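Right, one structure below, let's go through it.
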Amino acid sequence: MSASFSTPSFATGDLSSGDPVARLPLSQFTDDVLGHLLSLHEQFGPIAAIEDGGQRLVFLFDPALNFQVLRDTDTYQGRFFPVRGPKNSSQRRLTSGLLGMNGDQHARNRRIVKEPFGLRAISGYQAIIETLADEWLDQLKVGQTIDLADEMTRYMLGVTSSLLFGMDDYEHAYLLGEQIADWVGTMHEIGTGALVPSAAFDAGYESLLAQAVELEDSVTRMIASRRQRIADHAEAIDVLSLLVRGNGVHGTLTDEELVGQACVLFGAAHMTTAHSHLWTLLLLAQHPHVMADLADEFNAPASEQTGLLDRVIKESMRVLPASAYSQRVTSQRVKIGPFDCPPGTPVIFTPFITHRLPQLYSDPRSFRPERWLDIKPSTYEYLPFGAGARMCLGGPLALEILRTTIPRLFERFRLEVPVGTDLSAMIHGTMLAPVGPCPVTLHEADGRFESTPITGNLTTLVDLPPAERVSHRPTQPR
């Protein structure tokens, strides 16, 4: 399935007032979020809005506006999930984690949740990540053509489930992870209906509420299991156990808070990290010279390594950020650029567009890891994990998973995209996701890196070099 970008000619608002407003049905916007974001920025510049009836969405593309919004957590509040559910419902409790909290409750919960994502805790997860990476790679064979998108989704389901819920009962943790992933998927499918009433939303809403009841029961049972292990003095290194135990300084979370945090943390981590792996590996497969340099890096002693893998990951998250956009909601009347925004106005910031501003990044559509030797963008110019006081706590852990998995993969295999493959991206929910399968053939790690001609909108999103081959000495196991 191929994805193309629409280039709508927006009907504007009162241009004499300077308001860059597009009159567009929100249902039409959600049909092609990626294409419309690109078109809004191209037509209106650093800020734009879409209006449909009485609803207005404001879009920020400029780092100065990112700074205004993301540093002020009182005026611009978090509301990650569009479908919160009725008060006292399972759906409301499941969506009450950090991404939907504000004020003192957010500050307190963030202090508690921060501990399992600190550097000390991450070092304790290293053995789990290595074990799961090796188990995944043991299932792959030279000569296979795999769907890399599906493989990374399944791999990260196992990693996320184990890190959050523990490896002592892996099957239970994995099944709970699948249940949360299905729930998140349902919300993505019907979420736009919260803004745009439709038959699909009406049909899916009651089903979602029933799904939430079953999920809350499963999470509650997992919390009880973690409590019992702590009471039995068993080692507790998974995130949920650390949250149940508390850190003795900032207190502990209530059962309702634990339910919300468990689901939101999983939902925020699973697919974004899977997509980050996917885009990084596909970009490497289509840039043989970078892959050859990376092979040198993997073979070099630790003292001689230059940090190329970190630059590769940074550049991948710049040009194809898994989190394409996120939003805040105004809590009071405020002025943003030319817009007078009443309380309740959704304000959307877009790493996907900001990362492509030529005034910030030369040749912005090119994948050039070497640029990170010379640039140091601010956190409001480069924000794959957001910025400000609500910056993603799981960012360092996601990076560690990437740093662990990618070298292990390339110790065993060389990746090649079959000639003519359609590689296309779309924005699904808030994430930059593949439109369809992403086939990749696994070869021996023979150092013969080769890119191939592909089709699809990835060729529009990224200025790919011509198909080429770079012969290199085989990668040697470390």
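Per 10 Å bin, what is the whole-percent P(r) computed from every C-alpha pair distance within region 64-193?
Distribution as computed: 10, 27, 34, 22, 6, 0 percent.
Average the reciprocal distances over every distinct pair of alpha-carbons in the chain, invert the result, and give the Kirkwood radius in Å.
One over the average 1/r among Cα pairs gives 23.4 Å for the chain.
List the pair-distance distribution P(r) of region 145-193, using every Cα-Cα distance, as the percent of pairs falling in each 5 Å bin from 0 up to the bin containing the longest distance, rounded to whole percents.
Going from the shortest bin to the longest, the percentages are 5, 21, 22, 20, 16, 11, 4, 1.
Can you give the local net charge around G100? Use residues other than it whose beta-carbon is closer than 10 angstrom to its beta-carbon, Lys and Arg +1, Asp and Glu -1.
Around G100, the charge tally is +3.
Please state, as a whole number in µm²/s, the translational diffusion coefficient that the Stokes-Einstein equation yields for region 346-478 at 20 °C and 1.002 mPa s, with Rh defined as the Kirkwood radius across alpha carbon pairs.
122 µm²/s
Obtain the nm distance between the two label points defined at D217 and E304 by a simple spin-label model: each point lies 7 Å from its Cα along the Cα-to-C-beta direction.
Between D217 and E304, the label points sit 6.0 nm apart.
Can you give the longest run of the chain that contains no GluC sites (Glu not before Pro) sitting in a DSSP loop with at most 15 other Cβ atoms inside 10 Å?
Result for the longest clean stretch: 1-234.
I want to check the label-to-label distance for D169 and D104. Put each point 7 Å from Cα in the C-beta direction and report it in nm to one decimal.
3.6 nm
Could you let me know the centre-to-centre spacing of region 155-183 and region 252-296, using Cα atoms, in angstrom?
15 Å
Quick check: net charge around S241, other residues with Cβ under 11 Å of its Cβ, Lys/Arg +1 and Asp/Glu -1?
+1
Find the Cα radius of gyration of region 248-406, compare it with 2.2 N^0.38 Å by division, and give the number to two decimals.
My calculation over the Cα atoms of region 248-406 gives 1.24.
Along Cα→Cβ, 7 Å out, is where each label goes; now give me the distance between the ones at I237 and A64 in nm to one decimal.
4.9 nm
Could you tell me the distance between the Cα centroids of region 43-98 and region 312-328, to the nearest Å?
Region 43-98 and region 312-328 have Cα centres separated by 18 Å.
Cα extents of region 401-456 along the three principal axes, largest first, in whole Å?
Largest first, region 401-456 extends 36, 30, 13 Å along its Cα principal axes.
FYI, it's all coordinate maths here, none of it is from the lab. What you see is a predicted model, and the numbers here were worked out from it, not measured in a lab. For neighbour counting, all protein chains shown are included, and Cβ atoms are generated from backbone atoms with ideal geometry for every residue, glycine included.
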